[in-house]
1. Of the options 38, 28, 65, report the single residue whose Cα projects farthest towards the positive end of the charge dipole of segment 20-87 (beta-carbon charges: Lys, Arg +1; Asp, Glu -1).
2. If you line up the long axis of helix 150-168 against the longest principal axis of the chain, both from Cα atoms, how many degrees apart are they, to the nearest 10?
3. State the label only: which of [x] 58; [y] 50; [z] 41 corresponds to percent of Cα pairs over 22 Å apart computed from the shown model?
4. With the dipole of the chain worked out from charges on the C-beta (+1 for Lys and Arg, -1 for Asp and Glu) around the Cα centre, which of 107, 155, 83 lies farthest toward the positive end?
5. Using a Gaussian network model of the chain whose springs link C-alpha atoms within less than 10 Å, name the residue from 144, 155, 17 with the highest mean-square fluctuation.
6. In which sequence would 109, 124, 61 go, from the one with the fewest C-beta neighbours within 10 Å to the one with the most?
7. State to the nearest 20 debye the size of the charge dipole of the chain about its Cα centre, where the only charges are +1 on K and R beta carbons and -1 on D and E beta carbons.
Amino acid sequence: MSDQVSDQVGTATRIEAQRSVAASPATIFEIICDPQGQVDIDASGMLMSADGDPVRGVGDTYVVHMDREALGDMPLGTYEVVPEIVGFERDRYLEWKINSLLDPPFGHTYGYTLEADPEHPERTIVTSFCDWRNMHELYVGKVAMPIVSQASLRASLGILDRLARRREGAR
């Protein structure tokens, strides 16, 4: 896979982007578990800053300060969301749902899976995803999903690769 990026639209309720990253799973997981790390790798331009400690397990939360103007799709301006971890396996898997002022919330999740790159043992295959199969019926057909495009997921993986390489001193 090398530095190739692959995309997959497996169903009408999930998008994925995948990249082989030149870093260990531990380094990558450290970045994606840190709220500021999420801001640092965001390619959508919506994540402005974050408050909170790195997540350590299911149920952990933090605050992300958002600006929807980056997408230009809705006049929401600035707002806050509270990601809540719903899946956690150290150095392998992280998934979170989005809590906000909406009641009920949309019901979509974002996350990452990490696995060894069989062709390059010093690399990690990272899959970024957005899943809306559990979207609340109130929003089905009314809210365009995914909110973040597959291109943004793919670009975020490139930024993650650059940041992880820098942390590990790789080229």
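Only the coordinates and a few stated rules stand behind these numbers; no lab work does. On a predicted model such as this, the values are computed, not experimentally measured, just so you know. Here Cβ is always computed from backbone atoms with ideal geometry, including for glycine, and neighbour counts include all displayed protein chains.
1. The one lying farthest along the dipole's positive direction is 28.
2. Computed tilt is about 40 degrees.
3. [z]
4. Looking along the dipole axis, the top candidate is 155.
5. Between 144, 155, 17, it is 144 that shows the largest mean-square fluctuation.
6. Details: 109 21, 124 25, 61 14.
Ordered from fewest to most neighbouring Cβ atoms within 10 Å, 109, 124, 61 come out as 61, 109, 124.
7. Working: 16 positive and 27 negative charges, 58 e Å.
Once rounded to the nearest 20, the dipole reads 280 debye.
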